Amino acid sequence: MFQFQSFYLDSPIVKGRCFDVFSPEKITRDTALFFVHGGGWRAGTRGSFHGIMEAFNQRGILCASTDYRLTAPSALEQLQDIRTSYDRFLSCLAEHHRPLKVCVYGESAGAHLASLLLCAAPGECGEKTELVNPWIPPVRGVLQSTPSEFTPWEDIFPAIWRNMQNIAGVPFAQEPDRYEKLSLRNYIRRDNPPIFFAEAQNEHMFPPEKNREIVQQHREWGIRSEWKVYKNMEHGFFYELTRRQQKELFEDIVSFLP
């Protein structure tokens, strides 16, 4: 048994600015999960995690899954959307006297947005902020197929570079500083939460080695981040719990929660 509720950020409703909360019958874990879907920044839905959220509910874990505006001018508006949803989710936790401890999960484009939510302060990337609570950063992050750089790298997948320039909202040659502000690597510092980077062995879009370098830096600072490759898996593989490796990542996430 679980309870399901949708929350909308605006009245009248603005498409994409909403999140769903799945509450188990009995919450047994202090840390909640907050999901950010992928889809190349222009596709996807919060509903893609509903089945996985039910499975986490069965482990006593409270979950939320957010949308963001797929037609937004740039990733800055999308980051604004997910940061606002995260802030309102904290309000939900407070209203129910729950600990304000959240682990943020994102994959692909969602991992990019989630990584900025995790490591950059509100407004630091250039996005507008709509917080009603004092900023309480996530206590953990789980990122799958993560672009830690938003500037072009050697042998970048052409379709991804087109998507990245589209969602940056301005050509790279015209405003490279915006691409730097959208790059996770510029927010790697000693106050980051621990991050679990889940990598697909057959990843072809974002170089996993760059994320391993982040973990190595974190560990030098004493941050207990992790990096793991899932054999035979492809980009964005955590969308259901049928294959062995999907179930393996599920269990790894449960173990990674504080």
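The values are calculated or read from the model by the stated rules, or taken from the named source; none is laboratory data. Keep in mind that what you see is a predicted model, and the values were worked out from it rather than measured. Glycine also receives a Cβ, built like all others from the backbone with ideal geometry; neighbour counts cover every protein chain displayed.
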Give me the pairs, please: first residue somewhere in region 142-159 and free of Cβ contacts under 8 Å to residues at least 60 places away in the same chain, second residue anywhere and buried (at least 16 other Cβ atoms within 10 Å of the Cβ) and among the polar types (S, T, N, Q), beta-carbon distance under 7 Å, and either six or more positions apart or on two chains. PHE150/SER183; THR151/SER183
Filter result for the condition that a residue is of a type in the set (A, V, I, L, M), under 18 Å from GLN144 (Cα atoms) and modelled with pLDDT of 95 or more, over VAL21, VAL104: VAL104
Within region 59-109, how many residues are in contact (Cβ under 8 Å) with a residue 40 or more places away in the chain and within 19 Å of VAL139 (Cβ to Cβ)? 26
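Looking only at region 76-103, which residues are of a type in the set (A, V, I, L, M, F, W, C) and either under 16 Å from VAL14 (Cβ atoms) or in a helix (DSSP H, G or I) (or both)?
Here is the first cut: in region 76-103, the residues of a type in the set (A, V, I, L, M, F, W, C) are 76, 79, 82, 89-90, 92-94, 100, 102-103.
Scanning region 76-103 gives LEU76, LEU79, ILE82, PHE89, LEU90, CYS92, LEU93, ALA94.
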Which of the helices (runs of 4 or more DSSP H) found entirely inside region 121-223 contain at least 1 residues meeting this: buried (at least 16 other Cβ atoms within 10 Å of the Cβ), aromatic (Phe, Trp, Tyr) and out of contact with any Cys (no Cβ under 8 Å at 6 or more places or on another chain)? 176-181
Cβ-Cβ below 6 Å, separation at least six or inter-chain, first residue in region 1-30 and among the aliphatic types (A, V, I, L, M), second part of a strand (DSSP E or B): which pairs? VAL21/GLN5; VAL21/ALA64
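Going by what's in this entry, would GLY123 be described as without any contact (Cβ under 8 Å) to a residue 24 or more places away in the chain and more than 18 Å from GLY39 (Cα to Cα)?
Details: without any contact (Cβ under 8 Å) to a residue 24 or more places away in the chain: yes; more than 18 Å from GLY39 (Cα to Cα): yes.
Answer is yes for this residue.
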